[in-house]
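Okay, handing you the structure first.
The values are calculated or read from the model by the stated rules, or taken from the named source; none is laboratory data. Every value quoted in this text rests on a predicted model; they were computed, and no experiment measured them. Here the Cβ positions follow ideal geometry from the backbone for every residue, glycine too, while neighbour counts run over all protein chains shown. The area values use the complete protein model at the heavy-atom level, side chains included, leaving out ligands, DNA and RNA. Shrake-Rupley method; radii C 1.70, N 1.55, O 1.52, S 1.80 Å.
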Amino acid sequence: MSNYVKDCIALCEKKNPGEVEFHQTVEEVLTSLEPVFDKHPEYEEAAILERLTEPERGITFRVTWVDDNGKIQVNKGYRYQFSSAIGPYKGGLRFAPSVYPGIIKFLGFEQCFKNSLTGLPIGGGKGGADFDPNGKSDAEIMRFCQAFMDELYRHIGPSTDVPAGDLGVGAREIGYLFGEYKKITNRFEGVLTGKGLTWGGLNGRTEATGYGIVFFANAMLEANGTSVKGMTVSISGFGNVAWGTAMKLNELGAKLVTISGPDGYIYDENGISGEKVDFMLQLRNSGKNICAPYADKFPGSKFVAGKKPWEVKADLYIPCATQNEVLIEDAKTIVANGCKFYCEGSNMSSSNEAIAYLQDNGVCVGPSKAANAGGVACSCIEMGQNAGKTVFKPEDVYKQLYDIMIGIHDACAAASKEYFGKYDLVKGANIAGFLKIAEAMMAQGIC
Ligand code: 2IT
């Protein structure tokens, strides 16, 4: 490894002690950028990596709210604004008990490269809170969102920073956050994306992430002489990303046989399609975060408690739940199952060790920062729709989304060919995403 890359990884670890998820993505991205610094020594002189690994701004704030029992609750809120080199900060908000700076920084750092890959003018940021929405009443969710926005509003704006949803933040939360922003600022503007369709939201945004993942995975398969049509596919999760992925897989003629939750996974040999896919939304809205009820509702399927779906034989695996859901032992299972294709849906689905094992054993890997960029790409289209005070048609959005995902695939493939002389979408995504940001930083001087 070059000294510059090695030193920057070490520096980041030293400056952000204990934030292991952030270290993981920085190591993964920086390591693949090595040949770029051989070709562009000026980037090292301009301290591009030291700057990119340090958020431009990080906000930590107290969120105080009152629960249904009248008890005062205090949570930690965050917004890390990583890079505004190519556009206003853009990225979701995650509400989950596991949220701490290491999670928000990993997501924010990844978001910079993902957003760059879309080809659209959006910088990178991420935020959230260590708040657990599961089991909370609707009124509690609303009070929490209002209290969260009471601080966040002063740091965001349509040309400054535009948050959206992530785990634990869906249409309902975006609604409450938007209502509070509007009340405080007296401005109806595109400050959040993922809004409802009657108040500025974009047709197609809800399913965009999942659809985009399948478009990307299919482009990867086609580059290898095959396609998802007729394939048996195993995915994890049952939330928004898994749902959109399931719909598009079915539409393109694949057979989906698994979904999963923190409680275990569902195996349905008859295929998860039609009303079974709709049922995923009911599971998500139950506020229980479990998938087991699927097996009670649909005879012929089975629930496997406490296990991950990777033990089911499939032609293509798409993790759609959360970070690090595929570890080295899971990668070994996937290889042992004879699978040749793996595409990340959730952000940083796999450990660095798992990716290396899969690739070393001939599995073609699609990285999340490329594959799931369709969500944020449509968020940017939503920003444009709001700025233009107009409404875009679903068919126009789907067409743009498709073109963007194919463009991302081709850009990753071209970058890996140029710098490594092979088809490696993992390295290609990092390089293609990085080059655009680095060029913008160089043009904008030392800041
Ligand atoms: O991880 C992601 O790309 C998102 N959660 C969506 C971000 C966005 O701004 O739409």
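Across the range 233-257, which residue is farthest from the chain's Cα centre (by Cα) among those that are open to solvent by less than 40 Å² (accessible area, probe 1.4 Å) and farther than 27 Å from Gly194 by Cβ?
Ranking the candidates gives Gly253 first.
Which condition does Arg143 not pass, out of (1) away from the ligand (no atom under 11 Å from the Cβ); (2) assigned to a loop (DSSP other than H, G, I, E, B), if it passes all the others?
Among (1) away from the ligand (no atom under 11 Å from the Cβ); (2) assigned to a loop (DSSP other than H, G, I, E, B), Arg143 violates only (2).
Restricting to the range 403-420, give me the number of residues that are open to solvent by less than 10 Å² (accessible area, probe 1.4 Å) and within 15 Å of Ala356 (Cβ to Cβ).
0
Also, I was wondering about something else. Which one is farthest from Pro55 (Cα to Cα) among residues in the range 118-139 that are open to solvent by less than 20 Å² (accessible area, probe 1.4 Å) and out of contact with any Pro (no Cβ under 8 Å at 6 or more places or on another chain)?
Among residues in the range 118-139 that are open to solvent by less than 20 Å² (accessible area, probe 1.4 Å) and out of contact with any Pro (no Cβ under 8 Å at 6 or more places or on another chain), the one farthest from Pro55 (Cα to Cα) is Thr118.
For Val63, work out the one condition from (1) of a type outside the set (D, E, K, R); (2) within 21 Å of Gln111 (Cα to Cα); (3) buried (at least 20 other Cβ atoms within 10 Å of the Cβ) it doesn't fulfil.
Looking at each condition in turn, Val63 falls short on (2).
Continuing with this model, one more query. When the range 421-435 is examined, which residues are found to be on the phi < 0 side of the Ramachandran plot, open to solvent by less than 70 Å² (accessible area, probe 1.4 Å) and not aliphatic (A, V, I, L, M)?
Of everything in the range 421-435, those that are on the phi < 0 side of the Ramachandran plot, open to solvent by less than 70 Å² (accessible area, probe 1.4 Å) and not aliphatic (A, V, I, L, M) turn out to be Asp424, Lys427, Gly428, Asn430, Gly433, Phe434.
Is it the case that Ala371 is under 23 Å from Asp424 (Cα atoms) and either open to solvent by less than 10 Å² (accessible area, probe 1.4 Å) or away from the ligand (no atom under 15 Å from the Cβ) (or both)?
Yes, satisfied.
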